[in-house]
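Here the structure is laid out as structure tokens; the discussion comes afterwards.
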Amino acid sequence: MAVERRKVVQALKKKGYAEEDGDHHYYRLYICGLRTQIYTKVSRDSKKTRTLGDNLVKQMYDQTKLVKDEFLKYVQCTLSHKEYLLLLVSKGHLQREDLKGAVESGLVSAEELDAAVPEQE
């Protein structure tokens with residue numbers, strides 16, 4: 001499924017990603033000012049890359065630690081920033097302490113964070 005590059009960039013910026021320039025546009029996830037290890041890259045805008053094909057979309061959903069359906073919901077803004085952060089915690093890509101600022105700011109409640117943290121074996 002092709003996705004508009006512009007919509008992807010808007011969703012990234014709206015949900016905590018900040019641009020870091022390089023040979024492409026790199027977007028890094030920040031949580032209340034805390035830089036995370038999660039990033040994705042988007043090719044520079046040209047007539048060829050206004051629509052991102054399946055291969056690029058797959059790379060982006062892998063980089064953002066989502067599966068295809070989750071990524072499409074993310075881009076369509078039916079997956080909120082809070083839901084995305086909690087999903088990253090539940091999948092083990094973020095740790096509880098990574099969301100300390102989000103809890104302090106009220107973005108995520110302590111109860112929601114507790115529910116998202118995977119059970120220890």
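Rule-based calculations on the coordinates, nothing more; no lab input. Note that the coordinates shown come from a computational prediction; the quantities given were computed from them, not determined experimentally. In this analysis, Cβ positions are derived from the backbone assuming ideal geometry, glycine residues included, and neighbour counts consider all displayed protein chains.
Taking a 19 Å limit on the Cα-Cα distance, which of the listed pairs Lys14/Lys65; Lys41/Lys100; Lys73/Lys100; Lys7/Lys58; Lys65/Lys91; Lys13/Lys41 fall beyond it? Check vs 19 Å cut-off fails for Lys41/Lys100; Lys73/Lys100.
Under 5 Å from the amide H of Thr51 lie the amide H atoms of Arg5, each residue being 5 or more positions distant or on a separate chain, with H modelled from the backbone and absent for Pro and chain starts.
Placing +1 on the Cβ of every Lys and Arg and -1 on the Cβ of every Asp and Glu, with nothing else charged, gives the chain a dipole about its Cα centre of roughly 820 debye. Axis of helix 54-63 versus longest Cα principal axis of the chain: the two differ by about 30°, to the nearest ten degrees. Once mean projected area of the Cα convex hull in nm² is calculated for the structure shown, the corresponding label among (1) 8.8; (2) 12.7; (3) 7.7 turns out to be (3). Amide H contacts of Ile31: Thr36, each under 5 Å away and 5 or more positions distant or on a separate chain (H built 1.01 Å from N in the peptide plane; Pro and chain starts excluded).
Secondary-structure-derived ellipticity at 222 nm for the chain, considering helices only, amounts to -11500 deg cm²/dmol, per-run term -39500 (n - 2.57) for DSSP H runs with n ≥ 4.
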